[in-house]
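Single-structure report; data block below.
The numbers here are math on the coordinates, done by the rules we state, and not lab data. All figures in this text were calculated on a predicted structure; none of them were measured in a lab. Cβ coordinates were reconstructed from backbone atoms using ideal geometry, including for glycine residues, and neighbour counts include every protein chain displayed.
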Ligand SMILES: [Zn+2]
């Protein structure tokens, strides 16, 4: 049977506290924690060298860790500025190149803001530029083993609510959604407290895309503080913010779904990924009464 996979976004404090220095050591460290996923952060720019990327990839393969990459935050697909459009294209293509070096099979990215445009016009513009980037990526052979995963965003003024991300994913077969439930919690003013609300998301994905994709979707999870405008700050599982992870674990276990769940807690992302995994595996082995 296949299982959901769990892991951290970036390197947690505990890794450094244990003497860890470089990301190449992370897959081994995760293996000792019995975690099977790792999201490498290129969020401040793609600066990693090819040999380092390949070493991380080898370590991941040796330790049974699935890799994804978070593309730079500077991506702005709706931009009206030609230079920013060119940089956006560069950020996505470079992230895909690094994914290829590493053997990462998913690249997460943010669509960006609408600027001064109407939301619908901005989305149209985003699709247009993204279509061009996809064409170039295909020409360079960068989409053979990698999918691109637009993320649901945490602030209302950013493009990428659930419906927009799902619509975006209809553009090309090499696209899958990244469901960030912390963000969804923040933009909906506090939803995703109960099973039913998680069920609805997967039902929506199944109806709009297909169930295989819904089952294998990419997920970000963290507790989050929000205001009227949405996301304010990521917290840890010890802090008293929502959303709770238990209903999500119950839903994916009941449906035998196999998403990859990346924890984005502030500093405790590996420990919290493990907490989710323990809860999920408990249900799967019939220990926890469902
Ligand atoms: Zn993100």
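Using only the Cα atoms of segment 76-160, build the gyration tensor, take square roots of its eigenvalues as a ≥ b ≥ c, and label the shape rounded, prolate or oblate: rounded if a/c is under 1.5, else prolate if a/b is larger than b/c, else oblate. Judged from the Cα gyration tensor, segment 76-160 comes out prolate (a/c at least 1.5, a/b above b/c). Computed over the chain, relative contact order equals 19 percent, with contacts defined as Cα pairs under 8 Å that lie 6+ residues apart. Relative to the current alpha-carbon distance between residue 240 and residue 138, full extension at 0.36 nm per residue lengthens the span by 32.3 nm. Per-residue extension of 0.36 nm, minus the Cα-Cα distance of residue 155 and residue 54, leaves a gain of 32.9 nm for this segment. Subtracting the Cα-Cα distance of residue 1 and residue 128 from their residue separation scaled by 0.36 nm leaves 41.7 nm.
Can you give the FRET efficiency to the nearest 0.05 for residue 105 and residue 74, using r as the Cβ-Cβ distance and R₀ = 30 Å? The calculated FRET efficiency here is 0.85.
Taking every DSSP helix (H) stretch of at least 4 residues in the chain, weighting each as -39,500 (n - 2.57) and dividing the sum by the residue count yields a mean residue ellipticity at 222 nm of -13500 deg cm²/dmol.
Given R₀ = 51 Å, what would the calculated FRET efficiency be for residue 121 paired with residue 31, taking r from the Cβ atoms and rounding to 0.05? Computed FRET efficiency for residue 121 and residue 31 comes out at 0.60. For segment 1-45, relative contact order (Cα pairs under 8 Å, six or more residues apart, normalised by length) works out to 54 percent.
Taking a ≥ b ≥ c as the square roots of the eigenvalues of the Cα gyration tensor, segment 6-59 is prolate, since a/c reaches 1.5 or more and a/b is larger than b/c.
Looking at the chain alone, DSSP beta bridges between its own residues are antiparallel in about 20 percent of cases. Each peptide in 174-180, 28-34 was scored by the mean count of other Cβ atoms within 10 Å over its residues; highest first, the order is 174-180, 28-34. Label sites at residue 167 and residue 82, each approximated as a point 7 angstrom past Cα along Cα to Cβ, lie 2.9 nm apart.
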